[in-house]
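First the structure, then my questions, so here it is.
A short reminder: the numbers here are calculations on the coordinates, not readings from a lab. It should be emphasised that the depicted structure is a prediction, and the values quoted were computed from it without experimental measurement. For neighbour counting, all protein chains shown are included, and Cβ atoms are generated from backbone atoms with ideal geometry for every residue, glycine included.
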């Protein structure tokens with residue numbers, strides 16, 4: 001039987017970067033500025049495809065550049081993104097929190113149910129270095 005290897009390219013746009021971090025073997029996402037809902041939906045779909053194709057179990061999401069979420073984005077993250085990454089097998093998510101107080105409030109609202117995600121372990125950090133250090137310590141089950 002032939003094995004088919006599926007490849008999904010990194011996504012690099014003006015305000016979204018979705019890459020496979022080889023050193024951490026994780027999905028690494030960086031969001032900056034205001035991201036319209038349709039664009040965020042496309043970014044999420046790309047994330048799901050990368051997680052699935054590469055069998056990734058860890059995510060690093062850098063939200064320091066986000067000031068406010070577009071209308072509907074909080075619901076997308078809470079009701080679609082968290083359940084889907086869990087369904088795809090992600091076990092650990094490290095978020096780097098927004099520097100802007102309004103960005104923090106938006107993130108907190110979007111992440112309100114994340115701790116109810118069961119097998120998904122979610123932590124929030126002030127620096128990328130701390131988030132990476134935590135992910136390196138997490139053993140994939």
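With labels modelled as points extended 7 Å from the Cα through the Cβ direction, what inter-label distance (nm, one decimal) is found for residue 126 paired with residue 49?
3.8 nm
Using a 10 Å cut-off around each Cβ, can you sort 134, 81 from fewest to most neighbouring Cβ atoms?
If I rank by nearby Cβ atoms, fewest first, I get 134, 81.
Per 0.36 nm of contour for each residue apart, how much would the distance between residue 80 and residue 8 grow if the chain were fully extended, relative to their Cα-Cα spacing?
So the extension gain works out to 23.9 nm.
Right, next: Test of understanding: ordering 59, 26, 44 by Cβ neighbours within 10 Å, fewest first, what list do you get?
Exposure proxy ranking, most exposed first: 44, 59, 26.
Right, something else. Pull out the extension gain between residue 87 and residue 119, defined as 0.36 nm times the separation in residues minus the alpha carbon to alpha carbon distance; nm, one decimal.
Using 0.36 nm per residue and subtracting the Cα-Cα distance, I get 10.5 nm.
Next up: What does DSSP give for the stretch 11-137 in terms of the percent of beta bridges that are antiparallel, rounded to the nearest 5?
If we restrict to bridges inside the stretch 11-137, about 35 percent are antiparallel.
Cut-off is 10 Å between beta-carbons; in what order do 68, 43 appear when sorted fewest neighbours first?
68, 43
Residue separation times 0.36 nm, minus the C-alpha to C-alpha distance between residue 41 and residue 68: what's the value?
8.1 nm
When the expected Rg is taken as 2.2 N^0.38 Å, what fraction or multiple of it is the alpha-carbon Rg of the stretch 11-137?
Compared with the compact-globule rule of thumb, the stretch 11-137 sits at 0.94.
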